[in-house]
Amino acid sequence: MLRPLLHPVCLLCCTTAPALAQWGPIPAANAPSARAGAIAAFDVLQNRTLLFGGNAGNELWSLANGVWTQLTPAVLPPARHRAALAANPFTGEILLYGGLAAGGTGQFADDTTWSWNGSTWTQLSPSTSPGGLERHAMAFDYARQLVVAYGGRQNSWAPNQALSATWEYANGNWTQALPVNSPPGLTDAAMAYLPPQNVVVLFGGRDNNGTGRDETWTYDGTTWTQVAVAGPRPAARAGARMEAILNRGVLMLVGGRDPVSMVIHNDSWEFDGTTWTQIAGAYGGMYPPRAEFALAHDYARDRLVAFGGVGATNMQFDDTWEFGAHFQPFGTGCAGSAGTPQLAVGALPRLGTVCTVDLVNLPPGQPFGVMAVGLSRTQWPLGSLPMLLTGLGMPGCRAYSSAELLVPIPASNGVATWSFDFATLPSLLGDVYHLQGIGIDPGWNPAWLTTSNAATLVVGY
């Protein structure tokens, strides 16, 4: 682990071309079981992400502070899957509509409309509604303060019965809109609201021929308009998910499946109202690739949160992912006289902020520790990583970082804090660094050194 000490700026200068890559798994505790077809929305009244249904169930879960909790309100909508949610960020109301009823009945859920107010589900009774729908798309229109629903299948098991109807929910009632133009009938399209343009955006889906589509449409409350996209755009897909990233004024599209080839996509794309841009790099998608997962926009942190879905072999997932700056711990430390040194994030590596990481469980009397910062977690000059350091006088310790940079960090009472100020430079987005702490522990082993676990930092928003 011994290297010349360099200034942190030198490390940033030697990085490779960055990528806008910020997807990463988070170690959320008590996760729901694996599932596909679940839906999610952000509960602004309780500052948490809600997950409903999946696998034709009606479980309700919340994610807050890295912990999943199953909620058991007195009333729950009946079990279903392939329904849709739309969240009103101003009032906190979350609207649920449709889905395929559970129990093998073959009935599409037309039990009017359900509303969540932060603690209770209420079955509403609008005088008109779209009828039994599944595989439809829904989004909340911020400017017009209403919910927009498009497409889906209505009470039919015929293979290609995709609808082209647009419905709006406001003031307690559904109204079928009569736009001048409309997309073709579609199921499993992705839809979200793009605030800078004041339009609902729809992408992809499966048409009445069973073919995946790759068109982009916008809806302004009067008409649907097909966007004449110049340059690259996502491949045709169904079952993808799309949400806004507010501080950048773009939509993010991720995942989905080509309904003809059945290939599941792992790519992510940003849409600014005119142009699609693919997010490149190793952190550009969720792994394994998936479709029919749940995706929500955490308004409080302006981060995207995803859960579960189905993969290429029809395997279902129970993992939680977020898009944004990341601290991803891995590996194990080796015990010293004060316990096993550990890394703990203080502030994530976001542009325009100071990232901090604590190295804890150092000997209380030591005035400093060392942070190894590397560009690789698989190779370093001594060979492959991780590497057991017994031969260097550190039995039971392992190296996890390539350690191009060793930074001494002041310690007090067994805690040392590494910090770095990430400038507001978009070129840094997606940069990846691998950290590992080193503790000085005189007499504990021949090298007088111990190591912590490691962590990957992904620079983001």
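The values are calculated or read from the model by the stated rules, or taken from the named source; none is laboratory data. Quick caveat: nothing in here was measured; it's all calculated off a predicted structure. Neighbour counts run over all protein chains shown; Cβ positions are idealised from the backbone, glycine included.
Remarks
- Number of positions in the stretch 295-313 that are over 9 Å from the mean Cα position of the chain (by Cα), at pLDDT 90 or above and farther than 17 Å from Leu348 by Cβ: 4
- Put simply, of Leu406, Leu429 the only residue that is assigned by TED's automatic domain parsing to the domain that holds Val357 and surrounded by fewer than 20 Cβ atoms within 10 Å (Cβ to Cβ) is Leu406.
- Residue count for the stretch 114-136 satisfying the condition of being at pLDDT below 90, under 31 Å from the mean Cα position of the chain (by Cα) and farther than 21 Å from Trp217 by Cβ: 1.
- Residue match in the stretch 357-366 (condition: touching a helix residue (DSSP H, G or I) at 6+ places or on another chain (Cβ under 8 Å), part of a strand (DSSP E or B) and closer than 27 Å to Trp23 by Cβ): no
- Flag: Gly369 matches the condition of being assigned to a strand (DSSP E or B) and in the same structural domain as Asn445 (by TED's automatic domain parsing).
- Meeting the requirement of 1 or more residues that are of a type in the set (Ser, Thr, Tyr) and surrounded by 19 or more Cβ atoms within 10 Å (Cβ to Cβ), the strands (runs of 3 or more DSSP E) wholly within the stretch 275-329 are 320-323.
- When the stretch 255-274 is filtered for residues that are in contact with an Asp or Glu (Cβ under 9 Å, 6 or more places away or on another chain) and not in a loop (DSSP other than H, G, I, E, B), the ones remaining, listed by number, are Arg257, Ile264.
- One residue stands out in the stretch 224-238 among those that are at pLDDT 95 or above and of a type in the set (Gly, Ala, Ser): the one that is nearest to Ala192 (Cα to Cα), namely Ala238.
- Filter pass, Met394 being without any contact (Cβ under 8 Å) to a residue 24 or more places away in the chain and surrounded by 15 or more Cβ atoms within 10 Å (Cβ to Cβ): no
- Test: residue in the stretch 137-153 that is modelled with pLDDT under 95, surrounded by fewer than 15 Cβ atoms within 10 Å (Cβ to Cβ) and in a loop (DSSP other than H, G, I, E, B): no
- Residue check for Asn453: part of a strand (DSSP E or B), modelled with pLDDT of 95 or more and polar (S, T, N, Q): yes
- Among residues of the stretch 306-333 that are closer than 26 Å to Thr378 by Cα, those with a beta-carbon under 6 Å from a residue that is basic (Lys, Arg) and not in a loop (DSSP other than H, G, I, E, B) at least six positions away or on a different chain give the pairs Glu322/Arg303; Gly324/Arg303; Ala325/Arg350.
- Strands (runs of 3 or more DSSP E) fully within the stretch 174-254 that include at least 1 residues being without any contact (Cβ under 8 Å) to a residue 60 or more places away in the chain: 190-194, 216-219, 224-226, 241-245, 250-254.
- Whichever residue in the stretch 164-180 is surrounded by fewer than 18 Cβ atoms within 10 Å (Cβ to Cβ) and hydroxyl-bearing (Ser, Thr, Tyr) and, among such residues, is farthest from the chain's Cα centre (by Cα): Thr175
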